[in-house]
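Q: I'd like to ask some things about the structure below.
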Amino acid sequence: MHELSLAQSLLDQLIDLAKEHHAVRINRVSVTLGPFSGVVRDSFEFGFNALKQSLEIARGAELELETPDPVYLCLDCGKVSVIPFSLPSDRLELAMTSHYPKKCPWCCLNRLSPKGGTELILNQVEME
Ligand SMILES: [Zn+2]
């Protein structure tokens, strides 16, 4: 599972950070998941919470996930729009694989191209 290995590498990164700062406990982690990162939020969260159990230092770490709305560039009028996914979260994978899922709100054509949003960013870590 893709999400599981991403959760594992996030935990690896956190443990390195904790060692670097001589911390004994990680309390809170804030991560941004880009809408086109291909990461399924629920699976990632599940993977993180399962994997952290075997790590003394991360066991109590609370994961906060930010999932910004997707941004599209219209290939016809050139305007950039934020268009939230209107599908339920278990269908998000489907939405992400479709390159032209919406209509441009400016010109009403549907040649929309995803803009950015492929990132998985570690924003903030609270440790002691
Ligand atoms: Zn347009």
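Q: Sort through Ser43, Ser9 and tell me the only one that's without any contact (Cβ under 8 Å) to a residue 12 or more places away in the chain and farther than 15 Å from Asn123 by Cβ.
A: Details: Ser43 fails: without any contact (Cβ under 8 Å) to a residue 12 or more places away in the chain.
Checking each option against the conditions leaves just Ser9.
Q: Tally up the residues in region 4-40 that are crowded, with 19+ Cβ neighbours inside 10 Å and not hydrophobic (A, V, I, L, M, F, W, C), please.
A: Adding up the residues that qualify gives 2.
Q: Now a separate question. Return the only residue of Asp16, Asp12, Asp42 being part of a helix (DSSP H, G or I) and in contact with a Ser or Thr (Cβ under 7 Å, 6 or more places away or on another chain).
A: None of the others qualify; the one that does is Asp42.
Q: Could you list, in sequence order, the residues of region 41-76 that are over 30 Å from Val24 (Cα atoms) and surrounded by 13 or more Cβ atoms within 10 Å (Cβ to Cβ)?
A: Taking region 41-76 as the starting set, the residues that turn out to be over 30 Å from Val24 (Cα atoms) are 68-76.
Once the filter is applied, which keeps residues that are over 30 Å from Val24 (Cα atoms) and surrounded by 13 or more Cβ atoms within 10 Å (Cβ to Cβ), region 41-76 yields Pro68, Pro70, Val71, Tyr72, Leu73, Cys74, Leu75, Asp76.
Q: Looking at region 29-67, which of the residues that are closer than 29 Å to Ser113 by Cβ and aromatic (Phe, Trp, Tyr) is modelled with the highest pLDDT?
A: Looking at the filtered set, the residue picked out is Phe44.
Q: Any idea how many residues of region 68-112 are modelled with pLDDT under 70 and not in a loop (DSSP other than H, G, I, E, B)?
A: Taking region 68-112 first, the residues modelled with pLDDT under 70 are 86-101.
Within this subset, residues satisfying the condition of being not in a loop (DSSP other than H, G, I, E, B) are 89-97.
So the answer is 9.
The values are calculated or read from the model by the stated rules, or taken from the named source; none is laboratory data. Computed from a prediction, not measured in an experiment: that's the story for all the values here. Reconstructed Cβ throughout: ideal geometry from the backbone, glycine too, with neighbour counts over all protein chains shown.
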